[in-house]
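The values are calculated or read from the model by the stated rules, or taken from the named source; none is laboratory data. Keep in mind it's a predicted model, so treat the numbers as computed, not measured. Here the Cβ positions follow ideal geometry from the backbone for every residue, glycine too, while neighbour counts run over all protein chains shown. Just so you know, the surface numbers come from the protein's heavy atoms only, side chains and all, with ligands and any DNA or RNA stripped out. Shrake-Rupley method; radii C 1.70, N 1.55, O 1.52, S 1.80 Å.
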Amino acid sequence: MAFLEVAGITKRFGGLVALNAVSFSVEKGEIVGIIGPNGAGKTTLFGVISGFIPPSEGTVHFDGAAIGSLRPDQLVRCGLMRSFQIVQTFADMTALDVVTTAALTRRPMREAVDYAAHALERVGLGPKLEATPATLSLQDKKLLEIAKCIATDPRCILLDEVMAGLTMAETAAPMAVIRELNTQGVTIVMVEHVMPVIMRLATRIVVINFGEKIAEGTPEDIIRDQRVVDAYFGDHVDA
Ligand SMILES: Nc1ncnc2c1ncn2[C@@H]1O[C@H](COP(=O)(O)OP(=O)(O)OP(=O)(O)O)[C@@H](O)[C@H]1O
Ligand SMILES: [Mg+2]
């Protein structure tokens, strides 16, 4: 069994089938990209894997264990952490407070603050420990999301659009951090709309459309796949 094994995940919200029998697996040490048009079900898929959303059907295994009934905090202690597409923070907390909260899932208070500061330094936010997240630029907010993940000592992280809204120049810093984490053994699964980023980072890409997996392969395979081109550009492409 693979390090992360997603098998037959279906999620219904009332009459809406947000995910329909989605299966894929991720080996230890990979960087897997998940792409698909808006509303395809990518965030819902991360919600299911990370224990926030109970699936209607299907199973998820992480490192050989069935994790379907575990809560998000229990999964974090197993080494499976996610970021959030919509960055939400508490107004009166500093960047260090936010990341310390994440570090506390795995460490006692006396170690958590130092570990959080270290995580912030790793993403380049060392000079901004005392900044409140609301005052941070979008790029720094995204780096803060990654620092929260790092502070939990993850073995696998699910990153939901950590590059969205950034200029190509601004993506360089988070890309370098992700590469470095991966080099150190962290398995990465990332939802990303920014194609040049996913093409450069991912070893493999899974494509979701209307809740179904429509393709899977190397970045080179995926950009040549007609189903993928159709899903993204549909009728809007002039013949
Ligand atoms: N809690 C919910 N209740 C009802 N419908 C939901 C819920 N969460 C998501 N959906 C619906 O499920 C579908 C998939 O949404 P999801 O957020 O997973 O898409 P996505 O691929 O992440 O899109 P985007 O690229 O815009 O982030 C959408 O039609 C969405 O409206
Ligand atoms: Mg989403």
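Among 165, 33, 79, the largest mean-square fluctuation in a Gaussian network model of the chain (Cα springs under 10 Å) belongs to 165. Charge tally around residue 33: other residues with Cβ under 11 Å, Lys/Arg +1 each, Asp/Glu -1 each, net 0.
Accessible area per residue for the chain, computed on protein heavy atoms with a 1.4 Å probe, is 46 Å².
Projecting the Cα atoms of 21, 116, 189 onto the charge dipole of the chain, computed from C-beta unit charges around the Cα centre, puts 116 farthest toward the positive end.
Taking θ as phi - 60° and the Karplus parameters 6.51, -1.76 and 1.60, the scalar couplings of the range 206-223 work out to 10, 10, 10, 9, 6, x, 10, 6, 10, 6, 7, x, 6, x, 5, 5, 5, 5 Hz in sequence order, x denoting glycine and proline.
Taking the chain as the region of interest, the number of lysine pairs whose Cα atoms are within less than 15 Å, with members eight or more places apart or on different chains, is 6. Potential lengthening of the chain between residue 65 and residue 92 amounts to 5.9 nm, from the contour at 0.36 nm per residue minus the alpha-carbon distance.
Rounding to the nearest 10 and keeping the result within 0 to 90°, find how far the Cα-based axis of helix 168-183 lies from the longest principal axis of the chain. Taking the Cα atoms of the chain, the angle to 168-183 is about 80 degrees.
Computed in the context of the full set of protein chains, the accessible area of the chain at 1.4 Å probe radius has 55% of its extent on carbon or sulfur. If the elastic network links every pair of Cα atoms under 10 Å, which of 52, 13, 84 fluctuates the most in the Gaussian network model of the chain? In this elastic network of the chain, the residue with the biggest mean-square fluctuation among 52, 13, 84 is 13.
Given Cβ point charges of +1 (Lys, Arg) and -1 (Asp, Glu) and nothing else, what value in debye, to the nearest 20, does the dipole of the chain about its Cα centre take? Walk me through the intermediate numbers first.
Details: 22 positive and 28 negative charges, 100 e Å.
Dipole of the chain, to the nearest 20 debye: 480 debye.
For the chain, the extents of the C-alpha atoms along the principal axes are 56, 40, 35 Å, listed from largest to smallest.
Spatially, the range 39-80 and the range 4-32 are offset by 9 Å when compared through their Cα centroids.
Could you state the angle between the C-alpha long axis of helix 109-122 and the longest principal axis of the C-alpha atoms of the chain, as a value from 0 to 90 degrees rounded to the nearest 10? Here the helix axis deviates by roughly 60 degrees. Within the range 4-236, DSSP assigns beta bridges of which about 55% are antiparallel (rounded to the nearest 5). Placing pseudo-labels 7 Å out from each Cα toward the beta carbon at residue 221 and residue 132 gives an inter-label distance of 4.9 nm. Both radii were evaluated on the Cα set of the range 152-219; the Rg over Rh quotient, with Rh as the Kirkwood radius, amounts to 0.97.
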